[in-house]
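The values are calculated or read from the model by the stated rules, or taken from the named source; none is laboratory data. Values in this document were obtained by computation on a predicted structure and should not be read as measured data. Every residue, glycine as well, gets a Cβ built from its backbone with ideal geometry; the counts of neighbours run over all protein chains shown. What goes into the accessible areas is simple: the full protein's heavy atoms, side chains included, and nothing from ligands, DNA or RNA. Shrake-Rupley method; radii C 1.70, N 1.55, O 1.52, S 1.80 Å.
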Amino acid sequence: MQSNPLLGTALHAIGGISASSCYTPQAKVKNWSWGTFWLVQALFAWIIVPIIIGMLTVPGFFDILHRAPSDVFLGAFLLGALYGFGGMSFGLSIKHIGYSLTYTIAIGISSVLGTLTPLMIYGGLTDYFTRPGSAVIVSGMVLSVVGVGLCGWAGFKKEKDLQKLKNQTVNFKMNTGLILAIVAGVLSAVFNLSLEHGQPISDMAAQNGAGNFEGNAKMIVSTSGCFVVNFVWFIVLGIRQKTLKEFTVSGGLSRSRLIKNTLWSALAGTMWFTQFLFYGLGHVQMGNYRFISWVLHMSMLIFFSYVVGMIMKEWKNVSKNTYRTLIIALLTLVVSFVIMTVGSYIGEQM
């Protein structure tokens, strides 16, 4: 299969756009608790859509899952389950510090850990970083970390700006959101470990004619682990808080509102999964530098999350100095993934 890093970068960009805006439909959900919304979107993101896409794109989808080595299947499932706690932390962090900062901090941590950890665990770290173009890629990764740091700095400057506002209710808790985002970032990197551990399942799909869609075979294994953890957590929480009735008309909602809430939540979950559909397509195009797919995808996600944040006016009350810091941070991120793309392209030409 002929690789094309430029096409791979474009596909990662599409995935980044989908991921950075996947939780915006929540604003259309009315009279549901956050847990109810999360449970429905999780069902679509981690079970329904992965199965549908797998059936449509992977020949012999269920047979491959049935024949997958048990240690590979179980390992990918358990690592995915661990990421399930990260997904919850991510969603809660958005409530405290908004889209822009949550994506920056959590995904910034994930981009580095998710790239380097699989190489250290499964081997190949020295080999990957001694190939042609590797020095360029490393410089891009370092610049990406700098960009994330600048975004975090802009976040703390924003908090100070908001604290100066008078006669306005400020629902912005940087310390709480920061802790949740860090937890989400560390555990998000575990999801990439889950995908790497499940690679033999993708290899089976490739041998069965899945082509560029080979990654869709292993995805359901990792995401089902995520869902099990979230399902148990939010069912117990729903029983304790008596919010499970929100799924029925007995909860006080009209049938029309229930349908609308379900559809908006389903859209959020579908958009979340779409990022990994394009991640898989972009990943196979990166050739010898597939290992930078994660950091490249995450950098794209951070950049577009700020675009979404600005559209949603998360930065409308900040000072010019804070806004200037934000713009510099975003430009730094743009340059970083351009550099990484160039480095991977150089490696493919050698």
How compact and how long is the range 17-61, expressed as Rg and Dmax of its alpha-carbon atoms in Å? 13.4, 42
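Seen from all sides and averaged, what is the projected area of the convex hull of the Cα atoms in the range 195-241, in nm²?
Details: hull surface 14.7 nm².
Computing the convex hull of the Cα atoms and averaging its projections yields 3.7 nm².
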Grab the other residues whose beta carbon is less than 12 angstrom from that of residue 28, score K and R as +1, D and E as -1, and report the net. +3
Quick one: if you stick a label point 7 Å off each Cα along the C-beta vector at residue 121 and residue 135, how many nm between them? 3.2 nm
So, with points 7 Å from each Cα along the Cβ direction, the residue 248-residue 179 label distance in nm works out to 3.7 nm
For the chain, the per residue accessible area (1.4 Å probe, Å²) is 43 Å²
Residue-span extension gain [residue 163 to residue 334] - 0.36 nm each, minus C-alpha spacing: 58.5 nm
Which percent of the accessible area of the chain is formed by carbon and sulfur heavy atoms (probe 1.4 angstrom)? 66 percent
To the nearest 10 square angstrom, how much accessible area does residue 260 have with a 1.4 angstrom probe? 100 Å²
At 7 Å along Cα-to-Cβ for each site, give me the label-to-label distance between residue 241 and residue 255 in nm. 2.8 nm
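I need the calculated FRET efficiency for the pair residue 313 and residue 95, taking r as the beta carbon distance and R₀ as 25 Å, to the nearest 0.05.
0.90
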Rounded D (µm²/s) - the range 227-332, Kirkwood Rh over Cα pairs, Stokes-Einstein at 4 °C, 1.567 mPa s: 72 µm²/s
Options 5, 57, 186, ranked by Cα towards positive dipole end of the chain, top entry (Cβ charges): 186
Once phi for every residue in the range 154-163 is put through the Karplus expression 6.51 cos²θ - 1.76 cosθ + 1.60 (θ = phi - 60°), the whole-Hz ³J(HN,Hα) values, with Gly and Pro written as x, are 4, x, 5, 5, 5, 4, 5, 5, 5, 5
How big is the Cα convex hull of the chain in projection, averaged over all directions, in nm²? 18.1 nm²
How big is the dipole moment of the chain about its Cα centre under a simple scheme where the beta carbon of each Lys and Arg is +1, that of each Asp and Glu is -1, and everything else is neutral? Debye, nearest 20, please. 1780 debye
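Go through 53, 121, 311 and list them by solvent-accessible area, largest first, probe radius 1.4 Å. Walk me through the numbers before you get to the answer.
On the way: 53 35, 121 100, 311 125 Å².
Heavy-atom accessible area, descending, gives 311, 121, 53.
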Using Cα-Cα distances under 8 Å and only pairs 6 or more residues apart, what relative contact order does the chain have, in percent? 44 percent
